[in-house]
1. Would you confirm whether or not the stretch 7-14 contains a residue that is under 21 Å from I192 (Cα atoms), surrounded by 11 or more Cβ atoms within 10 Å (Cβ to Cβ) and without any contact (Cβ under 8 Å) to a residue 60 or more places away in the chain?
2. Restrict the check to the stretch 49-68 and report whether at least one residue is surrounded by 14 or more Cβ atoms within 10 Å (Cβ to Cβ), more than 21 Å from the chain's Cα centre (by Cα) and within 21 Å of R181 (Cβ to Cβ).
3. Could you tell me which of the residues L125, L80, L74, L139 is in contact with a helix residue (DSSP H, G or I) (Cβ under 8 Å, 6 or more places away or on another chain), modelled with pLDDT of 90 or more and surrounded by fewer than 16 Cβ atoms within 10 Å (Cβ to Cβ)?
4. Quick check on the stretch 58-68. Is at least one of its residues basic (K, R), in the same structural domain as P170 (by TED's automatic domain parsing) and in contact with a Lys or Arg (Cβ under 7 Å, 6 or more places away or on another chain)?
5. May I ask you to verify whether G179 is without any contact (Cβ under 8 Å) to a residue 60 or more places away in the chain and in the same structural domain as I99 (by TED's automatic domain parsing)?
6. Are there any pairs with C-beta distances below 9 angstrom linking a residue in the stretch 108-122 that is closer than 18 Å to I59 by Cβ to a residue that is loosely packed, with under 12 Cβ neighbours inside 10 Å, with the two at least 6 apart or on different chains, and if so which?
7. Quick check, is L47 assigned by TED's automatic domain parsing to the domain that holds N200 and either under 28 Å from Y205 (Cα atoms) or basic (K, R) (or both)?
8. Between a residue in the stretch 60-80 that is basic (K, R) and any residue that is assigned to a helix (DSSP H, G or I) and surrounded by fewer than 18 Cβ atoms within 10 Å (Cβ to Cβ), which pairs come within a Cβ distance under 8 Å, given they are 6 or more apart or on different chains?
Amino acid sequence: MKWIERKWVSVTLLWAAVLLIWQTGALVYGPDVIPGPWSTVRGGRELLMDGTLMQYIGISFLRVLIGWTLGSLLAIPVGLAIGRVRIIRIFAEPFLNFIRFIPPIAFITLFLVWFGIGEQSKIALIMYATFFIVVLNTLTGVLAVEEDKIRSARSMGASEWQILLHVVIPATTPHIYTGVRLAMGTSYMAIIGAEMIAANEGVGYLIWNSRLFFRTDWIFVGLFCLGFMGFFTDRLFGWFGRKVLYRYGVVNSAVRRS
């Protein structure tokens with residue numbers, strides 16, 4: 001049975017089983033409840049032909065990219081500051097541990113009031129979804145830096161700024177990378193919630209609006225698009241970590257397998 005351990009064989013068998021179960025569900029419950037694989041393909045082709053699908057994917061992806069990038073760029077220095085300055089940490093940690101349990105979807109109404117129904121509210125929601133995950137991972141990384149390394153650098157005459165740049169940040173990079181990568185998934189969840197409630201375009205809007213026409217095949221198309229978008233961005237970020245950040249000890253599953 002060694003052949004089944006090969007990756008391409010196991011992946012092929014997995015997808016074959018998924019398609020079989022999916023088609024069985026479509027036959028049992030009917031295409032109006034569970035559209036089969038071919039019905040979903042036809043629905044996707046419909047949306048592709050009129051240009052709707054690619055437009056919505058592009059809009060959702062751009063929103064996620066902007067909010068995730070801005071949230072990460074804001075969160076990393078904040079996490080470093082909280083980790084390095086004890087007085088800031090004393091006040092910030094209770095606040096972080098309180099507000100991080102409030103899901104982004106709970107702020108949609110407030111953000112619509114504060115930022116309007118345009119792009120600002122959606123990007124702000126993604127920034128919120130990104131911010132706390134990255135801050136907490138960065139903070140964890142800073143606190144995990146061995147004190148001996150900091151003392152050694154200080155004994156050689158390094159300033160606090162040099163210690164931050166050459167000791168703390170390199171040692172914290174794997175934690176920052178993990179936080180940013182995890183925040184990517186949360187960003188997709190946040191944008192779908194926002195687009196379902198307050199948008200006229202995007203994948204979330206497609207999924208939500210399809211219910212009005214009882215087009216469950218379009219809903220499945222939207223779900224698959226989300227999966228592929230997340231898979232693509234995660235693999236791209238994984239490649240970036242392997243190629244650019246390997247010197248800082250960033251290791252992911254692809255590296256371990258090799």
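1. Restricting attention to the stretch 7-14, the residues satisfying the condition of being under 21 Å from I192 (Cα atoms) are none.
Within the stretch 7-14 (the criterion being under 21 Å from I192 (Cα atoms), surrounded by 11 or more Cβ atoms within 10 Å (Cβ to Cβ) and without any contact (Cβ under 8 Å) to a residue 60 or more places away in the chain), the answer is no, since none of the residues qualifies.
2. No, that holds for no residue.
3. Working: L125 fails: surrounded by fewer than 16 Cβ atoms within 10 Å (Cβ to Cβ); L80 fails: surrounded by fewer than 16 Cβ atoms within 10 Å (Cβ to Cβ); L139 fails: surrounded by fewer than 16 Cβ atoms within 10 Å (Cβ to Cβ).
After ruling out the rest, the residue left standing is L74.
4. Applying the first criterion (basic (K, R)) to the stretch 58-68 yields 63.
If we keep only those that are in the same structural domain as P170 (by TED's automatic domain parsing) as well, we get 63.
Filter again for in contact with a Lys or Arg (Cβ under 7 Å, 6 or more places away or on another chain), leaving 63.
Yes, the stretch 58-68 contains a residue that is basic (K, R), in the same structural domain as P170 (by TED's automatic domain parsing) and in contact with a Lys or Arg (Cβ under 7 Å, 6 or more places away or on another chain).
5. Numbers: without any contact (Cβ under 8 Å) to a residue 60 or more places away in the chain: no; in the same structural domain as I99 (by TED's automatic domain parsing): yes.
Criteria not met by G179.
6. Pairs that qualify, where the first residue is closer than 18 Å to I59 by Cβ and the partner is loosely packed, with under 12 Cβ neighbours inside 10 Å, are Q120/W114; S121/V113; S121/W114.
7. Values: assigned by TED's automatic domain parsing to the domain that holds N200: yes; either under 28 Å from Y205 (Cα atoms) or basic (K, R) (or both): yes.
For L47, the condition - assigned by TED's automatic domain parsing to the domain that holds N200 and either under 28 Å from Y205 (Cα atoms) or basic (K, R) (or both) - is met.
8. Partner pairs satisfying both residue conditions: R63/E119.
The values are calculated or read from the model by the stated rules, or taken from the named source; none is laboratory data. In this text the structure is predicted, and so the values were computed from the model without any measurement. We place every Cβ from the backbone using ideal geometry, glycine too, and count neighbours over all the protein chains shown.
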